[in-house]
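FYI, it's all coordinate maths here, none of it is from the lab. These figures come from a predicted structure and were not determined experimentally. No Cβ is skipped: glycine too gets one built from the backbone with ideal geometry, and neighbour counts run over all protein chains shown.
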Amino acid sequence: MTKYKLEYIWLDGYTPVPNLRGKTQIKEFDAFPELEQLPLWGFDGSSTMQAEGSNSDCVLKPVAIFPDAARTNGALVMCEVMMPDGKTPHPSNSRATILDDEGAWFGFEQEYFFYQDGRPLGFPESGYPAPQGPYYTGVGYKNVGAIAREIVEEHLDLCLAAGINHEGINAEVAKGQWEFQIFGKGSKRAADEMWIARYLLQRLTEQYGIDIEYHCKPLGDTDWNGSGMHANFSTAFMRETGGKDYFEALMKAFDENLEDHIAVYGPDNHLRLTGKHETAPWNKFSYGIADRGASIRVPHSFIKNDYKGYLEDRRPNSQGCPYQIASQILKTIALVPTSAEARVSAAA
Ligand code: ADP
Ligand code: MN
Ligand code: MN
Ligand code: MN
């Protein structure tokens, strides 16, 4: 038997953006445990905005497990928060009731800033560094500093060791701003991996005295880019059948449900989706081929492939909850019939 360090990780009850929380318990197993072997656990919900002080026990239900390469015999255990009965999802549980479909694939592009002493890493104590331009995908100390690359590389290795589908890294447009991409099949799987990747990044940067700023427009109304979390998505139908007619019906459904999408695409998004800095205005839906100023960008490959493949919704922001984002995309997709006859009669 081996003693494993199980880090139970969950989302707290803060709004509009939950914080990641975690605590460790040690359990003995013959080998790296399976999800089914992990016990329920509890925590004090009155300290996380999830309960009143008088009756404060909440239950942690493991939903996914990943190896934790930063610890000997470590595991990262993503949990849902349940009521004391262990069965009813807590109101703050944004995962339990979402739409899911293994055939729906999601690629999230998480942008964020490294922050130190209240400002982006590499910003001078007062004023600004040289204007943005050379930082995106940049190289060299004056562009990316000395620490950032070390952190993103370490984060990549931690994600890969955890079995997370980390797909890539790039330095972003603003100084101190970076991006990583996570791809997953199914909304729960993709979003679990995103939350664990966020957790690993925040835990890793503790030792550097650096924080991750996920706000979508931390530098306000300036000429510095905000942070998004573009959601690339495809269903089996979109990849295998698709077609122009289906695509147009889908875009119409996205247009008609604009408000439901914006509602879960992250707080303060009107500060970011202004029409500037490669964004479309938040209150007007648009799509365009290879258009980074549209709400939805249609990759060239999609058109070349007879309107089959994936689309990129550029509106979700860096603080958005990937469970809710993926679920809303599936909800709108579900409104559009996949048979041409049904689309015609629905439109009539
Ligand atoms: P860009 O910065 O040009 O918008 P990225 O390369 O950062 O693009 O991100 C593209 C994302 O698209 C990746 O995360 C990838 O996983 C995702 N993706 C690629 N193919 C599919 C697909 N068929 N379904 C869903 N997502 C996809
Ligand atoms: Mn990208
Ligand atoms: Mn980007
Ligand atoms: Mn993108």
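See the values below:
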quantity	calculated
Some residue of region 209-224 being within 20 Å of residue 317 (Cβ to Cβ), within 16 Å of ligand 4 (Cβ to nearest atom), touching a residue at least 12 places away in the same chain (Cβ under 8 Å) and not in a helix (DSSP H, G or I)	yes
Residue that is acidic (Asp, Glu), touching a Cys at 6+ places or on another chain (Cβ under 6 Å) and either touching a residue at least 24 places away in the same chain (Cβ under 8 Å) or farther than 15 Å from residue 232 by Cβ (or both), where the choices are 313, 268, 255	268
Answer residue from region 135-167, given it is within 16 Å of ligand 4 (Cβ to nearest atom) and within 14 Å of the chain's Cα centre (by Cα) and is nearest to residue 200 (Cα to Cα) among those	166
Residue match in region 156-166 (condition: touching a residue at least 12 places away in the same chain (Cβ under 8 Å) and charged (D, E, K, R))	yes
Considering residues of region 81-122 that are of a type in the set (Asp, Glu) and away from ligand 4 (no atom under 16 Å from the Cβ) only, the residue farthest from the chain's Cα centre (by Cα)	85
Among the residues listed as 190, 231, the single one being away from ligand 4 (no atom under 14 Å from the Cβ) and either crowded, with 24+ Cβ neighbours inside 10 Å or assigned to a strand (DSSP E or B) (or both)	190
Region 306-342 - residue that is in contact with a Gly (Cβ under 8 Å, 6 or more places away or on another chain) and of a type in the set (S, T, N, Q) and, of those, farthest from ligand 2 (Cβ to nearest atom)	319
Output for region 157-192, where each listed residue is among the hydrophobic types (A, V, I, L, M, F, W, C), more than 18 Å from residue 225 (Cα to Cα) and within 16 Å of ligand 3 (Cβ to nearest atom)	182, 183
Long-range neighbours under 7 Å by Cβ, at least six apart or interchain, first residue surrounded by 16 or more Cβ atoms within 10 Å (Cβ to Cβ) within region 95-120, second part of a loop (DSSP other than H, G, I, E, B) and of a type in the set (Asp, Glu)	111/172
